[in-house]
Amino acid sequence: MNVLVTGGAGYIGSHTVKALVEAGHHVVVFDDLSTGHRASVAGVPFVQGDVTRREDLLDALKRYSIDAVMHFAAKSLVGESMQDPAKYYVNNVAGGVTLLEALREAGVETIIFSSTAAVYGEPESIPIPEEHPLRPTSVYGRTKLMFEQMLEDYRRVYGLRYAALRYFNAAGADPGGQIGEDHDPETHLIPIVLQAALGQREAVTIFGTDYDTPDGTCIRDYIHVTDLADAHVLALEALKAGGPGGVYNLGNGNGFSVRQVIEAAERVVGAKIPVKEGDRRAGDPAVLVASSEKARRELGWKPRFTDLDEIVRTAWQWHRSHPNGYARPS
Ligand code: UFG
């Protein structure tokens with residue numbers, strides 16, 4: 001299939017591009033490079049474009065005879081979304097409608113969407129199934145939910161075929177060592193811990209040690225980015241084979257606390273990592289763990305990296321060999 005990947009030069013996008021190419025698809029990356037890296041998709045046809053510009057999208061869809069789209073291009077920082085909501089409504093919501101309209105005009109009927117656990121908000125039960133109430137607590141989560149709702153309306157009325165994949169905590173890097181996570185600023189736990197291990201930060205600050213969890217720190221479901229990438233390829237193939245699509249959680253079903261992540265990193269790195277205990281970060285639920293039974297059952301998805309040390313090891317390989325990300329590999 002000819003697949004256009006918006007946001008394909010980002011962290012999860014670039015890993016999915018690699019998986020699509022390996023599965024034999026013809027991939028075109030569409031990215032504005034506001035946060036993505038051209039080097040993460042070297043050798044893949046690339047269009048520098050903006051999802052809020054219909055002409056950019058239509059041009060790429062037609063020029064490459066696109067059959068399906070994977071849509072990653074979005075703003076994705078919870079904290080920033082609360083400070084600058086307009087940025088999120090413009091890129092994630094207005095950009096989303098613009099994309100759907102371009103698809104309609106170009107006759108493209110299949111889309112895989114990069115959604116998030118943030119659509120659930122504070123969990124009522126753990127593990128979280130797809131039927132859990134949707135009460136996002138951030139602007140970011142709301143914009144992702146709005147796009148999911150648009151997808152459902154476009155399916156009902158225009159026959160769009162979609163899968164929305166709700167990721168929990170994406171982590172790790174491609175085991176081949178050439179691509180990985182490179183955000184500026186970095187806000188995610190595992191890269192921050194590894195930057196502290198490399199001496200690039202003085203210490204990692206634990207955001208809250210008084211949660212109602214066994215060790216007092218927040219528990220999250222860390223899912224390897226390569227497993228996420230595989231799920232996108234499976235979701236696309238299932239849709240093309242006539243599958244129903246819809247929403248799917250993607251997590252590995254195991255929760256790990258912030259302290260357990262730091263301990264895993266210490267085992268992988270083979271050294272103590274400097275840690276500070278700090279206040280809670282606003283809006284962090286104590287525990288977020290997915291039920292991914294539906295993806296396993298309907299897509300035949302099976303995460304390969306279920307061991308936390310192994311996930312952290314792949315991230316460490318990337319950070320150690322690319323201490324400055326894509327800018328200056330060592
Ligand atoms: N944490 C720290 N110190 C840090 C950074 C993070 O203690 O320096 C903690 C957080 O408080 C949280 C855990 O580590 O308990 C994981 O934090 P991340 O920022 O790595 O990830 P989040 O769980 O906050 O965010 C993820 C996705 C978001 C998504 C959200 C859903 O990255 O896109 O889950 O709630 F919106």
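The values are calculated or read from the model by the stated rules, or taken from the named source; none is laboratory data. On a predicted model such as this, the values are computed, not experimentally measured, just so you know. Cβ sites come from the backbone with ideal geometry, for glycine too, and all protein chains shown count toward neighbours.
Of all residues in the stretch 259-291, those satisfying the criterion of being within 20 Å of the chain's Cα centre (by Cα) and farther than 12 Å from residue 308 by Cβ are 283, 284, 285, 287, 288, 289, 290, 291. Of all the criteria given as (1) away from the ligand (no atom under 16 Å from the Cβ); (2) within 26 Å of residue 151 (Cα to Cα), the one not satisfied by residue 291 is (1).
Looking only at residues in the stretch 246-267 that are under 23 Å from residue 145 (Cβ atoms) and surrounded by fewer than 20 Cβ atoms within 10 Å (Cβ to Cβ), the one that is modelled with the lowest pLDDT is 253. Scanning the stretch 68-112 for residues that are under 23 Å from residue 234 (Cα atoms) and within 14 Å of the ligand (Cβ to nearest atom) turns up 72, 74.
All conditions but one from (1) more than 21 Å from residue 291 (Cα to Cα); (2) within 13 Å of the ligand (Cβ to nearest atom) apply to residue 145; the one that does not is (1). If residue 2 passes every condition in (1) touching a Ser or Thr at 6+ places or on another chain (Cβ under 7 Å); (2) over 24 Å from residue 106 (Cβ atoms); (3) surrounded by fewer than 18 Cβ atoms within 10 Å (Cβ to Cβ) but one, which one does it miss? The one condition residue 2 does not meet is (2).
Exactly one residue out of 157, 139 is within 12 Å of the ligand (Cβ to nearest atom) and not hydroxyl-bearing (Ser, Thr, Tyr): that is 139.
Among the residues of the stretch 268-311, those that are in contact with a Leu (Cβ under 7 Å, 6 or more places away or on another chain) and either over 15 Å from residue 253 (Cα atoms) or at pLDDT below 95 (or both) comprise 299, 300.
Summed over the stretch 52-84, the residues that are assigned to a helix (DSSP H, G or I) and acidic (Asp, Glu) give a count of 4.
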